[in-house]
Amino acid sequence: MKASQLIVLKQAVLAALLFTTTGIFAQSGNKRPNIVFIMADDLGYGDLGAYGQTKIETKHIDSLARAGMKFDNFYAGTSVCAPSRSALMTGQHTGHTHVRGNKEIEPEGQEPLADSVQTIAMLLQKAGYTTGAFGKWGLGMVHTTGAPDQKGFDEFYGYNCQRQSHRYYPTHLWHNKQRIELDGNGLMAQGQYAPALIQEKTLAFIDAHKDKPFFLFVPTVLPHAELAGPEDEYYKQYAHKFDEKPYRGNDYGPRATVPGYASVEKPHAMYASMVSRMDAYVGQIVERLRQNNLLDNTIIIFTSDNGAHKEGGADPGFFNSSGGLRGTKRDLYEGGIKTPFIAYWPGKITGGKTSSYLGAFWDIMPTMVELAKADKPRYTDGISFVPTLLGKNKKQKQHNYLYWEFHEDGGRQAVRKGDWKLILQKVRSGSPTTELYNLKQDPKEQHNIAEGNPGKVKELGRLIEQAHVESSIFPLTSKVHKP
């Protein structure tokens, strides 16, 4: 064989190997699913039709529940915004996660995640995923260690500061490091509706990144107070449906303040329309995935950051927003921390299933990392529930217990182990009240049986002591109460 022929042959072999190898990698890459994680803001456990809601239409999310898996025993990070999101992002419960309360920074932003904190987005980004977040962040202002671009997101659009998100017609939003002024708003008028602007960017992200795996995080502000929105088709379907009592608040105009809530003539209709609007946005995301031929290789998860709220004229009692459970946002009762949780993945998750897996937000990191074939986190309190998603329940590991903290109203702690749940109230007082419930016998937490079960109180109290590591930034108690 001549030298020239040998060179050509070698080139052909190398080209074939390169093509084969590239094909293998491409095929392997295609097997890694896109991840779409949609998180509502202050949506109650009972606010969806799939979880028993009868007054509000949520047909798109209900469809995901029918075609996917609905969880009836899944919990948020805690009962209020920032720490719940911190638990989600870091894979750590509130006894360990960096942000454990709503700590405001002036003039804008909240206590940032530290530079040393690892997030799920960072792990997925390192694994080759394109990452985007669209909605509300609340874990670190632009140019801090907790800013979205410092915590693994290639693109962010929305409210960086959760205080700003009290207004649906804000003065500005953020696109990465750029402040986007919203003409026609300025706290003087209701010009540009922020959720609609954020939704446009969300859909554009799908179009722009359809050719490689992506992690799309959608922490929508809906249906968080204030109660506000255009009087369009979503509002009109409820405008004359309910008995109403107007709510008088802090209106747009010369006296408007950032954290206020505007007046609303028909609060029931407006709240219902906001939930239905959010549902429609979920439907648009699903449809955009379908249009881009991505739906079969995408896992979609829908949940809420904590229980239903009562601010700005909201009426969770009227809608049974807690689904018959006790408590709302800021409570560590079930209504404050139990969340709707739906997972949809065509061809992988068997439709029409309801899972009783006992899980919480800190499980998301190990689960998504496993699905993405990414590096394992340095540390997590979570357990991957991939076996549950794939119907391999016998292989599913289980939590020994779940733990929560709440740092307002004197401090609260709670732990659940099996059917038993212990809640400590007024922790900072040094003499907290103790509440014990058996959730199997008393799912609505109506009967405190602590006095008759001192052994169980002591057992769960030791778990609380074990779970809580004191934070200098968010101190809860220098000495954990031992029941």
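How large is the helix-only mean residue ellipticity at 222 nm for the chain, computed as the sum of -39500 (n - 2.57) over DSSP H runs with n ≥ 4, divided by its residue count, in deg cm²/dmol to the nearest 500?
That calculation yields -8500 deg cm²/dmol at 222 nm.
How much net charge surrounds L332 when only the other residues with a Cβ under 15 Å from the Cβ of L332 are counted, with Lys and Arg +1 and Asp and Glu -1?
Overall, the nearby charge balance is +4.
Given just the C-alpha atoms of the chain, how large is their convex hull per residue in cubic angstrom?
Expressed per residue, the convex hull around the Cα atoms of the chain is 173 Å³.
If I compute solvent accessible area with a 1.4 Å probe over the protein chains, what percent of it on the stretch 300-385 is carbon and sulfur?
46
With Cβ to Cβ distances under 13 Å as the rule, what net charge do the other residues near L358 carry (K, R +1; D, E -1)?
With Lys, Arg at +1 and Asp, Glu at -1, the neighbours total +2.
Using a 1.4 Å probe and ignoring any ligands, DNA or RNA, find the accessible area of T145 and quote it in Å² to the nearest 10.
60
Treating only the Cβ atoms of Lys and Arg (+1) and Asp and Glu (-1) as charged, compute the dipole magnitude of the stretch 258-380 about its Cα centre; round to the nearest 20 debye.
Dipole about the Cα centre, nearest 20: 180 debye.
Of the beta bridges DSSP finds with both residues in the chain, what % are antiparallel, to the nearest 5?
That works out to approximately 55 percent antiparallel.
Would you check the accessible area of I56, probe 1.4 Å, heavy atoms only, in square angstrom rounded to 10?
10
Taking 19 Å as the cut-off for C-alpha to C-alpha distance, list the pairs among K310/K338; K70/K421; K266/K310 that go past it.
K70/K421
Taking the Cα centre as origin and putting +1 on Lys and Arg beta-carbons and -1 on Asp and Glu beta-carbons, what dipole magnitude results for the chain, to the nearest 20 debye?
1760
Any chance you could give the angle, 0 to 90 degrees and rounded to 10, that helix 81-90 forms with the longest Cα principal axis of the chain?
Helix 81-90 sits at roughly 30 degrees to that axis.
In debye, nearest 20, what is the charge dipole magnitude of the stretch 321-403 about its Cα centre with +1 on Lys and Arg Cβ and -1 on Asp and Glu Cβ, if you could check?
About 200 debye.
Tell me, what ³J(HN,Hα) does each residue in the stretch 103-115 have, in order and in whole Hz, if you take phi through Karplus 6.51 cos²θ - 1.76 cosθ + 1.60 with θ = phi - 60° and put x for Gly and Pro?
In residue order, the calculated couplings are 10, 7, 10, 9, x, 7, x, 10, 3, x, 4, 6, 4 Hz.
Order M188, M278 by their accessible area, 1.4 angstrom probe, all chains in place, largest first.
Sorted descending by solvent-accessible area, the residues read M188, M278.
By its C-alpha gyration tensor, with a ≥ b ≥ c as the square roots of the eigenvalues, how is the stretch 269-344 shaped: rounded for a/c under 1.5, else prolate for a/b larger than b/c, else oblate?
Oblate, since a/c reaches 1.5 and b/c is not below a/b.
Run the accessible area of the stretch 408-483 with a 1.4 Å probe and give the carbon-and-sulfur part as a rounded percent.
Looking at the stretch 408-483 in its full context, I get 49 percent from C and S.
Normalised by the residues of the chain, what does the relative contact order come to in percent, with Cα pairs under 8 Å and at least six apart?
Rounded, it is 22 percent for the chain.
Could you sort S263, S273 by accessible area so the largest value comes first, with the probe set to 1.4 Å?
Listed by decreasing accessible area, they come as S263, S273.
Hey, if you put +1 on the Cβ of every Lys and Arg and -1 on every Asp and Glu Cβ in the chain, which of H268, M278, M39 ends up farthest toward the positive end of that dipole?
The residue sitting farthest along the positive end of the dipole is M39.
Set Lys and Arg Cβ to +1 and Asp and Glu Cβ to -1, take the dipole of the stretch 147-276 about its Cα centre, and tell me which of Q192, Y238, Q150 lies farthest positive.
Of the candidates, Q150 comes out farthest on the positive side.
Just the number please: accessible area per residue for the stretch 413-477, 1.4 Å probe, all protein chains included, in Å².
Result: 50 Å² of accessible area for each residue.
How much accessible area per residue does the stretch 172-303 have, in Å², with a 1.4 Å probe?
Per residue, the stretch 172-303 has 43 Å² of solvent-accessible surface.
May I ask you to order 70-77, 43-50 by the average number of other C-beta atoms within 10 Å around their residues, highest value first?
By packing density, highest mean first, the sequence is 43-50, 70-77.
With everything on Cα atoms, drop me the angle between helix 267-291 and the longest principal axis of the chain, reported from 0 to 90° to the nearest 10.
Computed tilt is about 10 degrees.
Round to a whole number: what % of the accessible area of the stretch 146-260 belongs to carbon and sulfur, probe 1.4 Å?
For the stretch 146-260, the apolar C and S fraction of the accessible surface comes to 48 percent.
Name the residue from W362, P316, W404 whose Cα lies farthest towards the positive end of the charge dipole of the stretch 286-417, charges +1 on Cβ of Lys and Arg and -1 on Cβ of Asp and Glu.
My answer, from the dipole projection, is W362.
Quick one: accessible area per residue over the stretch 64-138, 1.4 Å probe, rounded to a whole number of Å²?
24
Given the whole protein assembly as supplied and a 1.4 Å probe, what does the accessible area of T350 come to in Å², nearest 10?
Here the residue's solvent-accessible area equals roughly 80 Å².
The values are calculated or read from the model by the stated rules, or taken from the named source; none is laboratory data. Since we're looking at a predicted model, the values are computed, not measured. FYI the Cβ positions are ideal-geometry reconstructions off the backbone, even for glycines, and counts take in every protein chain you see. Just so you know, the surface numbers come from the protein's heavy atoms only, side chains and all, with ligands and any DNA or RNA stripped out. Shrake-Rupley method; radii C 1.70, N 1.55, O 1.52, S 1.80 Å.
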